[in-house]
Amino acid sequence: MATIAVLGTLDTKGPEHAYVAEIIRQRGHHTLLIDTGSGSVPTVKADISREEVAQAGQVDLAAILARRDRGEAVTAMAGASAKLLSELVDSGRIQGVISLGGGGGTAISTTAMRALPIGFPKVMVSTLAAGNVAPYVGTKDIVMIPSIVDVSGINRLSRTLLARAAGAICGMVETVIPEGEDKPLICASMFGNTTECVNAAKTILEEAGYEVLVFAATGTGGRIMESLIESGLITGVLDITTTEWADELVGGVLNAGPHRLEAAGRMGVPAIVTPGCLDMVNFGEPASIPEKYKDRLFYPHNPQVTLMRTSPAECAELGRILAEKVNAYTAPVTVLLPLKAISVISAPGQPFHDPEADAALFAGIKSHLRSDIPVVEVDCEINAPEFAEACVGALLDGIIPRSVTQ
């Protein structure tokens, strides 16, 4: 028997949350009804009032309400809800959370859910779930269920949908996770143009007793990898594909934000870093490419993705950025450079082969890197077996000494 938090704005959506709570209790679980509203009087009685939520976040709710600024109230209650839910999870008082909401309710509840660990059951029934949910889900495993109709009363359609959502959170908390062999975890970044290298490195690491989690360097993948590193679960980072920084610098569609490559440094996790696929910036179909780039070199990866070759000047700046990020690392870190190609299509004879740009990239890295950080130059392409072996060797050299001393 679990306790499930039913989180929501009980002034506008009280009966709907109460209905979901009743379905959960019929399944034999306890509920904790939490009010995150900031408007009129709650329509149902909460187990944790809005005042208690605000207090958990050190929010002066009365002062905010006096200003009649709904945006400020939503933001304040979102932060307070995140702190309250985190405390409830840490103390073992709840084993899952479900919420129902429109725009404001979704913003509040998903902010709170994003503060919870990956693997903790989270369900959000939302009027916004059929659109772009990236801002609400972030890097966490929030299950978004479209409400289809507005969350406004119990009717023939909502009765079914909300009951199914209640069943979903019950099923999640009832599921027993099968036991497995918990090996040390390694994070690896991969793109289509570095697949062979990462797969080869993964095989070697698995044979050495590690479990490798591979993340696609597509923006979201990089952010999720950084988030997982920050969770404290990761033993080492195999950052072979740092291409998201090319999109961040130049304006491509697969950027991971300005904090990519920072988590390993903050957490003190051993790592290797390579400039994998920094030769390319990702855009959509040709018509979507900004006019200012019309004279650049492009490669049609597929009908939906067009790649643009980074210039020598851009590569020099990418080298500086990469070096400055790595300079903040406190655990062992090695930078490896595949001198003949940083992607499949930058190899000799391929469309993005540009020795001048590659030289600018490598020079930018080496000239800005801390003098005590090793740089290993490997005279091969990035997908050559010897490069994968060099990456794994450097990573294990950084991990094993630390493990021995623990």
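The values are calculated or read from the model by the stated rules, or taken from the named source; none is laboratory data. Quick caveat, the model's predicted, so the values are computed rather than measured. Heads up, the Cβs are rebuilt from the backbone with ideal geometry, glycines too, and the neighbour counts pull from every protein chain shown.
Residue-wise test of (1) over 23 Å from Ala216 (Cα atoms); (2) not acidic (Asp, Glu).
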site	(1), (2)
Leu278	no, yes
Val281	no, yes
Glu291	yes, no
Gln304	no, yes
Gly319	no, yes
Ala323	no, yes
Pro332	yes, yes
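Looking across Ser99, Ser86, one residue alone is in a helix (DSSP H, G or I), assigned by TED's automatic domain parsing to the domain that holds Leu7 and at pLDDT 95 or above. It is Ser86. For Arg70, the conditions (1) at pLDDT 95 or above; (2) out of contact with any Leu (no Cβ under 8 Å at 6 or more places or on another chain); (3) among the basic types (Lys, Arg) are fulfilled apart from (1). Restricting the first member to region 1-26 and to residues that are assigned to a helix (DSSP H, G or I), and the second to residues that are crowded, with 18+ Cβ neighbours inside 10 Å and of a type in the set (Gly, Ala, Ser), the beta-carbon pairs closer than 6 Å and six or more apart or on different chains are His17/Gly8; Val20/Ala166; Ile23/Ala166; Ile24/Ala166. Among the residues of region 149-172 satisfying the criterion of being of a type in the set (A, V, I, L, M) and not in a helix (DSSP H, G or I), which is farthest from the chain's Cα centre (by Cα)? Only one residue fits best here, namely Ile154. Of all residues in region 210-238, those that are assigned by TED's automatic domain parsing to the domain that holds Glu248 have Cβ atoms under 8 Å from Cβ atoms of residues that are among the basic types (Lys, Arg) and surrounded by 23 or more Cβ atoms within 10 Å (Cβ to Cβ), 6 or more apart or on another chain, in Gly222/Arg260; Arg223/Arg260; Glu226/Arg260. Among the residues of region 42-53, is there at least one that is surrounded by fewer than 19 Cβ atoms within 10 Å (Cβ to Cβ) and of a type in the set (Lys, Arg)? Among the residues of region 42-53, at least one is surrounded by fewer than 19 Cβ atoms within 10 Å (Cβ to Cβ) and of a type in the set (Lys, Arg), which makes the answer yes. The set of residues from region 242-282 being of a type outside the set (Val, Ile, Thr), in a strand (DSSP E or B) and buried (at least 24 other Cβ atoms within 10 Å of the Cβ) comprises Ala271, Pro275, Gly276, Met280. Please work out which residue is nearest to Val305 (Cα to Cα), limiting yourself to region 186-200 and to residues that are of a type in the set (A, V, I, L, M) and touching a Leu at 6+ places or on another chain (Cβ under 6 Å). Out of the qualifying residues, it is Ala188. Count of region 302-320 residues, restricted to those that are free of Cβ contacts under 8 Å to residues at least 40 places away in the same chain and in contact with a strand residue (DSSP E or B) (Cβ under 9 Å, 6 or more places away or on another chain), is 2. Consider Ala134 carefully, then state whether it is surrounded by fewer than 18 Cβ atoms within 10 Å (Cβ to Cβ), out of contact with any strand residue (DSSP E or B) (no Cβ under 7 Å at 6 or more places or on another chain) and in contact (Cβ under 8 Å) with a residue 60 or more places away in the chain. Criteria met by Ala134.
All of (1) closer than 25 Å to Ala316 by Cβ; (2) surrounded by fewer than 23 Cβ atoms within 10 Å (Cβ to Cβ) hold for Pro332 with one exception: (1). Filtering Ala112, Ala107, Ala76, Ala80 for residues that are buried (at least 24 other Cβ atoms within 10 Å of the Cβ) and more than 23 Å from Ile23 (Cβ to Cβ) leaves a single hit, Ala80. Within region 27-58, the set of residues being touching an Asp or Glu at 6+ places or on another chain (Cβ under 6 Å) and assigned to a strand (DSSP E or B) comprises Leu32, Leu33.
Residues that are among the small types (Gly, Ala, Ser) and surrounded by 23 or more Cβ atoms within 10 Å (Cβ to Cβ) were ranked within region 1-20; the one that is nearest to Met172 (Cα to Cα) is Ala5.
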